[in-house]
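The values are calculated or read from the model by the stated rules, or taken from the named source; none is laboratory data. These figures come from a predicted structure and were not determined experimentally. All Cβ positions, even for glycine, are placed from backbone atoms using ideal geometry, and neighbour counts span all protein chains on display. Areas reflect the complete protein model, heavy atoms only, side chains present, ligands, DNA and RNA absent. Shrake-Rupley method; radii C 1.70, N 1.55, O 1.52, S 1.80 Å.
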Amino acid sequence: MLNLDTLVLVQICVTALTTALLVASACYTESPPEQRWWAAGNVAVAGGMTLSQVAGLPLLLHAIVSYGVIAFGLGLVLRGLRVYCNESLSWLTIAILTLIALLVAAYYTVLAPSLRARLCFTGFYFGLINWAGALMLARHRAWRVSGIAIAGFTLLGLALCWRGAHLLLRGEPADGSNSLVIALSALVVPLAQICIAFGLILMVMWRYAERLRRLSTLDALTGALNRAGLEIQGKRVGLRALRGGRSLAVIMIDVDYFKVINDSYGHPVGDEVLRHLARLLRVELRPHDLLARFGGEEFVLVLDGVDREAALKVAERLRARIEYEVAELEKLSVRYTASMGVVCSDQHSYDLIRLISAGDAAMYEAKRAGRNRVVAG
């Protein structure tokens, strides 16, 4: 027979340790808000569990307030999950979750005293709240990242509901069969809590890793790929086009007289021109095309499945739109043009470096020919 008192002590210790882990991970200046909500929620849950297990406390704290504190903590955890999923959970909802736990616990403690009914209710209620957390993460559809946390919330909800259902069907918690079920649920709960804690930390770590990846591959000014990002993703696009037997086109774009713009209006206006150009180019691209800032005022487009003639049409349409549009910064409006070089894998192979080199040569030919034009290489 599993010793229930020992398992409850283990459960409280694991709760305290996982809470300390989440609090420690949240105690730095730039920690994301969801991590702070999870830490605060776990602190409340740990406090509520401790109150519920200390029989020497007044009945109000031991049998009523403790459940409200646990429900409040779970509500904070749910709020953190919603923040992680770029959603929100109102304080009214958290207050309702807490109030339900307090009222039902008070009813089965004061008006209709029944330990069995109170344990049944808390089992079902807290189990459903944990399943709601699992459902929130499942709807986010990032199973590879949040799978451990989803499994933890699901397992914890299953253990709590199993305890509640068994008590509802079999009788008072003091009999032998119910004691075994409660002991088994007390064994499963800390395992689920460990999964949840590590799953939540893993989710935050993955988000930071993704942010670092984006910072290392994106141009901070325009949001386009930088040269490192172009090299990584361009090779993938080129290989995919080669395997599919499709053409791969590259368009090199350079802003005409960009130094004059900087010297005449200042660098902030020049920066706005580059951002404006990046926005224009992005609007014209398909989701699987690549846009990169190659350096200075020079941009690269990589078009999968586009031959030379089609790429020339795309470039000419872009050139005309750039000439027509106006970049605006505060009360200043600036018109500018761009020169473009177009090359295709049909003439220059699928090697991205060779394509960019050939496109660069075609672009400078466009500049020598008078600028604001498209030249095929």
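Things worth noting here:
- Highest mean packing first, where packing is the average number of other Cβ atoms within 10 Å per residue, the peptides 62-70, 120-128 line up as 62-70, 120-128.
- Integer Hz, Karplus 6.51/-1.76/1.60 couplings in order for the stretch 308-321, x for Gly and Pro: 5, 5, 5, 5, 4, 5, 4, 5, 5, 5, 5, 4, 5, 5
- For the pair A320 and V334, the difference between a 0.36 nm per residue extended length and the Cα-Cα distance amounts to 3.5 nm.
- Excluding ligands, DNA and RNA, the accessible surface per residue across the stretch 133-242 is 52 Å² with a 1.4 Å probe.
- Cα gyration tensor category, rounded, prolate or oblate, for the stretch 1-115 with a/c compared to 1.5: oblate
- With a cut-off of 12 Å between beta carbons, the residues surrounding A220 carry a summed charge of +1, where Lys and Arg count +1 and Asp and Glu -1.
- Share of carbon and sulfur in the accessible heavy-atom surface of the chain [1.4 Å probe, %]: 63 percent
- Label zone at D346, where the point sits 7 Å out along the Cα-to-Cβ direction: the stretch 298-314 residues whose backbone N lies under 13 Å: 305-313
- Computed from the Cβ-Cβ distance with R0 of 22 Å, the FRET efficiency linking R246 to I353 stands at 0.70.
- Per-residue SASA entry for S31, accessible area with 1.4 Å probe, Å² rounded to 10: 10 Å²
- Surface accessible to a 1.4 Å probe, R213 within the full protein complex, Å²: 100 Å²
- Its relative contact order, with pairs defined as Cα atoms under 8 Å and 6+ residues apart, puts the stretch 245-339 at 40 percent.
- For the stretch 126-252, the spread of Cα positions along each principal axis, largest first, Å: 78, 33, 19
- Counting only GluC sites (Glu not before Pro) that DSSP places in a loop and that have at most 14 other Cβ atoms within 10 Å, the longest clean stretch of the chain runs over 88-324.
- Surface per residue (accessible, 1.4 Å probe) for the stretch 249-377, Å²: 47 Å²
- Just so you know, the Rg over Rh for the stretch 100-175 is 1.12, from Cα atoms, with Rh as the Kirkwood radius.
- Overall dimensions of the stretch 27-83 by Cα: Rg and Dmax, Å: 13.1, 41
- Mean residue ellipticity (222 nm) of the chain, computed from DSSP H runs ≥ 4 via -39,500 (n - 2.57), nearest 500: -23500 deg cm²/dmol
- Theoretical gain in end-to-end length, S88 to Y28 [0.36 nm per residue, Cα-Cα removed]: 19.3 nm
- Cα-derived Rg to Rh of the stretch 244-377, Kirkwood definition: 0.98
- Between A138 and S114, the simple label model (points 7 Å from Cα in the Cβ direction) yields a spacing of 3.0 nm.
- Using C-alpha pairs below 8 Å separated by at least 6 residues, the relative contact order for the chain is 12 percent.
- Dividing the Cα radius of gyration of the chain by its Kirkwood radius returns 1.23 for Rg/Rh.
- Rounded to the nearest 20 debye, the dipole magnitude of the chain is 500 debye, with +1 charges on Lys and Arg beta carbons, -1 on Asp and Glu beta carbons, and the Cα centre as origin.
- In this simple spin-label model, placing a label point 7 Å from the Cα along the Cα-to-Cβ direction at both L280 and L212 gives a separation of 3.8 nm.
- Database remark: amide H of F294 closer than 5 angstrom to the amide H of F299, V300 (H placed geometrically; neighbours at sequence offset of 5 or more, or on other chains; Pro and chain starts carry no H).
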